[in-house]
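Notes for the one structure printed next.
The values are calculated or read from the model by the stated rules, or taken from the named source; none is laboratory data. What you see is a predicted model; the values in this text were computed from it and never measured. Cβ placement follows ideal geometry from the backbone for every residue including glycine, while neighbour counts extend to all protein chains displayed. Accessible surface areas use protein heavy atoms only, side chains included; no ligands, DNA or RNA. Shrake-Rupley method; radii C 1.70, N 1.55, O 1.52, S 1.80 Å.
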Amino acid sequence: MSFSSSSSSRSLKVPTFKEEEEKLRQVLKYHNQTKHSFTNYARGPRGLDWANQPNPFRRYLSSPLLPLQHDSGHDSVLYSSLFESSSLPPPKPISLSTISHLFLHSLALSAWKTTGASTWPLRVNPSSGNLHPTEAYLISPPIPSLSHLPFVAHYAPKEHSLEVRAHIPPTFFPRFFPENSFLIGVSSIFWREAWKYGERAFRYCNHDVGHAIAALAVAAGELGWELKLLDGLGSDDLNVLMNLPEVPEIESEHPDCLLLVFPKGGARDVINIDYKGISSAIREGFSTLEWKGTPNVLSKEHLRWDIIYNTAEAVKKPSLISNSSLIDASCFRGSGVVSRSSYKELTVSQVVRMRRSAVDMDGVTFIDKSAFYQMLMHCLPSGSSTKGEQLALPFRALSWDCAEVHLALFVHRVSGLPKGLYFLVRNEDHLGDLKRAMRSEFEWRRPDGFPEDLPLYMLAEGDCQRLAKGLSCHQDIAGDGCFSLGMVARFEPVMREMGSWMYPRLFLGTGVVGQVLYLEAHAMGISATGIGCYFDDPVHEVLGIKDSSFQSLYHFTVGGPVLDKRIMTLPAYPGPTSDV
């Protein structure tokens, strides 16, 4: 099956050069203003207002609630099979059980934690500060045992249920999408993150969107489905499609993206996405629907950070601006699993539902060089550096060049590999630009014994634990793991080439890479966590980066976790699927 996008005959307004330059100035202002430095942190609240902590669960009061199943009855495949296309199951039909399985293994609760008088939920998808700004909407044709009419529904993770918002025109799916496909819309509530993190929250919200997309892509793959971000639709289209709440404004939802879920290797060779037709159908057919439910209030009082909302406005995606793509979905390649034994025969279900964000690392755990190699291979868009290869899961969900992000690695405890600063070049077309942008004294030497198809380079040998901790806001966790890293993205050139709307997409891309690292670590019996607090320009200084051609957008650490035995773990939901 091939996937192509049609973006001809564009009739909607395209931003002028002057308008786009003004948007880019706003983006760069935001990015520079929200950097942390050794002498000054980005603006945030002086303390946490616990009385007004946002409710982590959006609900639509009075909308019909459709319970999903906690045990879908589907056998989970081995985690290693995600990287071998031939090992994935054939596509399953859309049904109550498969939709239940998809959400249970991507955006649902994974457990409850309790200590003393405090109890809080965890989710399958990670989030900065466990604050979860990400919301999801199912737009679907009729589903047996759920709805005999096509519908839009909000996913309620606490209840593992769908809140029906509206029934949609019956011609929408047959006209524009292949049989047995459906849509998932993703949005963000900035206030949930800004309550704790202030102005830097916009960055973290987009990390979380990337994690959510990767989580959905993995869960879809387990069912024999493919997932693709439809980037030809604009923010205004998505607002209408999901009928996103706008009152009160500070609790409004920002439309992030729309995902098409479709069966792998379907009967149609080409899926032609008519963005112009879809946009018109949304604007004409969805704006007059009878929408059910009133959004709940998340906080009684708010502290507004204007620069977040100004930047969100500047990066709104215009309609019908997308790169045409042709993707052969019938023969997506794997990512070259090196050793199934590294994964201890764990299933996808076990890995995704047992994923946790480490709070501390033990400072003693080592991983073998081969496991490190395998983990980095799965961080590559195609599973290898070979040009022309098909994209690997979950990177093929993205609709732009997902190799704009590279990894600067601080290696601490990898058996058979010297400690030091390394660099994984995820797109070797950038290698020359990276060498010119970074310190001239770096070695750029391939480590001994590493395979040729892993574009890993040693920059400098030496103990980087203290350096890694210092750069990550003096957090021990960055130096006490097996390795930590900064995700370095090609930055201003991307936005000048494609538009300011790519700013959140770059952070989204780092979230997808981060989700791969989370799953790889847990599949190997260790742990990981994202690090949003780091000193931006000191990181750039260490690397030698002097301008905005490349920027560090996300940090991460992988290693042996320290578990707090005072905290008890309780099941997420009643029933056998609640892993603890």
Explain nothing, just compute: Karplus ³J(HN,Hα) = 6.51 cos²θ - 1.76 cosθ + 1.60, θ = phi - 60°, for every residue of the stretch 170-183 in order, whole Hz, x for Gly and Pro. x, 8, 4, 6, x, 6, 10, 10, x, 4, 6, 10, 7, 10
Straight-line reach only, C-alpha to C-alpha below 17 angstrom: list the aspartates and glutamates that Lys276 could link to, leaving out same-chain residues fewer than 8 apart. Asp231, Asp236, Asp237, Glu284
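At a 1.4 Å probe radius, carbon and sulfur cover how many percent of the accessible area of the chain? Each step should come with its number before you reach the end.
Numbers: 11090 of 21520 Å².
It is 52 percent, rounded to a whole number.
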Most packed first (mean Cβ within 10 Å per residue), the peptides 177-186, 356-365 order as 177-186, 356-365
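First check a/c for the stretch 340-559, with a ≥ b ≥ c the square roots of the eigenvalues of its C-alpha gyration tensor; if it is under 1.5, answer rounded, and if not, answer prolate when a/b is larger than b/c or oblate otherwise. Intermediate values should be presented prior to the final figure.
Numbers: a/c = 1.36, a/b = 1.15, b/c = 1.18.
The shape class here is rounded.
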Please list the non-local residues whose amide H lies under 5 Å from the amide H of Cys257, H modeled 1.01 Å from N, same-chain partners needing a gap of 5 or more. Val186
Residue by residue through the stretch 345-360, which ³J(HN,Hα) values in whole Hz follow from phi under the Karplus form 6.51 cos²θ - 1.76 cosθ + 1.60 (θ = phi - 60°), with glycine and proline marked x? 6, 6, 8, 4, 4, 4, 5, 6, 7, 9, 4, 9, 8, 5, 9, 9
In whole percents, the bins of 10 Å from zero upward hold the Cα-Cα pairs of the stretch 510-580 as 16, 29, 34, 12, 8, 1
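Lys344 to Met568: FRET efficiency via 1/(1 + (r/R0)^6), r the Cβ-Cβ distance, R0 30 Å, to the nearest 0.05?
On the way: r = 25 Å, r/R0 = 0.83.
E between Lys344 and Met568, to the nearest 0.05, is 0.75.
Given axes a ≥ b ≥ c from the Cα gyration tensor, I'd like to know whether the chain is rounded (a/c under 1.5), prolate (a/b larger than b/c) or oblate. Don't skip to the end; give the middle numbers.
Details: a/c = 1.30, a/b = 1.27, b/c = 1.02.
It comes out rounded by the Cα gyration axes.
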Taking placed amide H atoms and a strict 5 Å upper bound, the residues 5 or more places from Asp360 or on another chain that come that close are Val562
So what is the calculated 222 nm ellipticity per residue for the chain, using -39500 (n - 2.57) for each DSSP H run with n of 4 or more, over all residues, to the nearest 500 deg cm²/dmol? -8000 deg cm²/dmol
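Shape call for the stretch 75-194 from the C-alpha gyration tensor, a ≥ b ≥ c root eigenvalues: rounded (a/c under 1.5), prolate (a/b greater than b/c) or oblate? Provide the component values of the computation, followed by the final result.
On the way: a/c = 2.09, a/b = 1.33, b/c = 1.57.
Judged from the Cα gyration tensor, the stretch 75-194 comes out oblate (a/c at least 1.5, b/c at or above a/b).
Once you've got the Cα coordinates, tell me which of Lys18/Lys292; Lys92/Lys317; Lys29/Lys196; Lys23/Lys469 are over 29 Å apart.
Values: Lys18/Lys292 41 Å; Lys92/Lys317 33 Å; Lys29/Lys196 21 Å; Lys23/Lys469 35 Å.
As for pairs spanning more than 29 Å Cα to Cα, those are Lys18/Lys292; Lys92/Lys317; Lys23/Lys469.
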In sequence order, what are the phi-derived ³J(HN,Hα) couplings for the stretch 145-162 according to the Karplus relation 6.51 cos²θ - 1.76 cosθ + 1.60 with θ = phi - 60°, rounded to whole Hz, with x for glycine and proline? 6, 10, 7, 7, 10, x, 7, 10, 9, 8, 7, 9, x, 4, 8, 6, 9, 10
Obtain the nm distance between the two label points defined at Thr294 and Val247 by a simple spin-label model: each point lies 7 Å from its Cα along the Cα-to-C-beta direction. 1.0
